[in-house]
1. What is the set of long-range amide H partners of VAL200 at a cut-off below 5 Å, with H atoms built 1.01 Å from backbone N?
2. Only Cα pairs under 8 Å and at least 6 apart count here; give the relative contact order of the chain as a rounded whole percent.
3. Once both axes come from the Cα atoms, what is the angle between helix 75-87 and the longest principal axis of the chain, in degrees from 0 to 90, rounded to 10?
4. Grab the alpha carbons of segment 51-135, take their convex hull, and tell me the volume per residue in Å³.
5. May I ask you to evaluate 6.51 cos²θ - 1.76 cosθ + 1.60, the Karplus curve with θ = phi - 60°, for each residue of segment 56-71 and list the ³J(HN,Hα) values in order in whole Hz, giving x for glycine and proline?
6. Can you tell me the dipole magnitude for segment 3-93 around its Cα centre, using point charges on the Cβ only (Lys, Arg +1; Asp, Glu -1), in Debye to the nearest 20?
7. Hey, of (i) 39, 20, 14; (ii) 29, 20, 14; (iii) 49, 23, 15, which did the structure itself give for semi-axes √(5λ) of the Cα gyration tensor in Å when calculated?
8. Out of all DSSP beta bridges in the chain, what portion is antiparallel? Express it as a percent rounded to 5.
Amino acid sequence: MPEHETSNWYIYGAGGFGLETLEICLSAIDAGRTPKRGLSFIVDGAGGQEVLGHPVVELADCQPGALVTIAVGEPAARAKLAERVAAAGLRLTSAIAPSAVISPSATVEEGVIIAPLCSVQARAFIGRNAAVNTMAIVGHDVQVAEDAVISSMVNLGGAVRVGHRSYVGMGAIIREKLTVGADSIVGMGSVVHRDVPDEVITMGDPARVVRRNDDKTVFRKSGDQV
């Protein structure tokens, strides 16, 4: 089904990130960047409710072939929900704030969220189902892999590589040409001067590996701030 033939746009998740994503979608529609569509939330086990006047539905009740943007901040959860969305016959679509500045030579794949005031610079690549939050800077030739999350006010120097399902916390700075491995976490405010291996948590200035990311989880019940 061509994109213009569907009138439904679903946001998977109605937490804080879901509300932010709703506003991105509405602003893109108001600015004429995307056709006008009805916006609904998908929340498992909470169908029949409303959030900010928009319906909440179950995944099973979604119109096949409709568009969906995944609005959760946990990279591993983003990956799992993308699989569920594909199995349900929905199509990932990107939500890009009109105030974001994206180079004509950059590549943004499907299902990406780019929040207000972000900068995505020359030849950068944002992989499928990744998220780039408010005022983040994605430098030239940066590669952000599938399902990764870049938090607000992050600065990724030129040619940085961020691996699959990794998370870069608020205000972190990563020096040019470095790699953040898959399933890793860079803690908020960290300043990264060397490559980050796969499946670790790194924090501080200069950033150091503090432990393994064995459960591949960012938002822990213990209240760890990353």
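1. So VAL200 has HN proximity to SER184, ILE185, ASN213.
2. Working: 657 pairs, mean separation 25.1, N = 226.
Relative CO of the chain lands at 11 percent.
3. Between the helix axis and the principal axis of the chain, the angle is about 30 degrees.
4. On the way: hull volume 9.3 nm³, N = 85.
Spread over its residues, the Cα hull of segment 51-135 gives 110 Å³ apiece.
5. 10, 10, 8, 4, 5, 8, 6, 5, x, x, 6, 8, 9, 10, 8, 10
6. Working: 7 positive and 11 negative charges, 42 e Å.
It works out to roughly 200 debye.
7. Computed from these coordinates, semi-axes √(5λ) of the Cα gyration tensor in Å corresponds to label (ii).
8. On the way: 7 of 51 bridges.
Roughly 15 percent of the DSSP beta bridges within the chain come out antiparallel.
We did not get these values from a lab; they are worked out from the coordinates using the rules stated. These numbers come from a predicted model, not from an experiment. Positions of Cβ are backbone-derived with ideal geometry, glycine not excepted, and every protein chain shown enters the neighbour counts.
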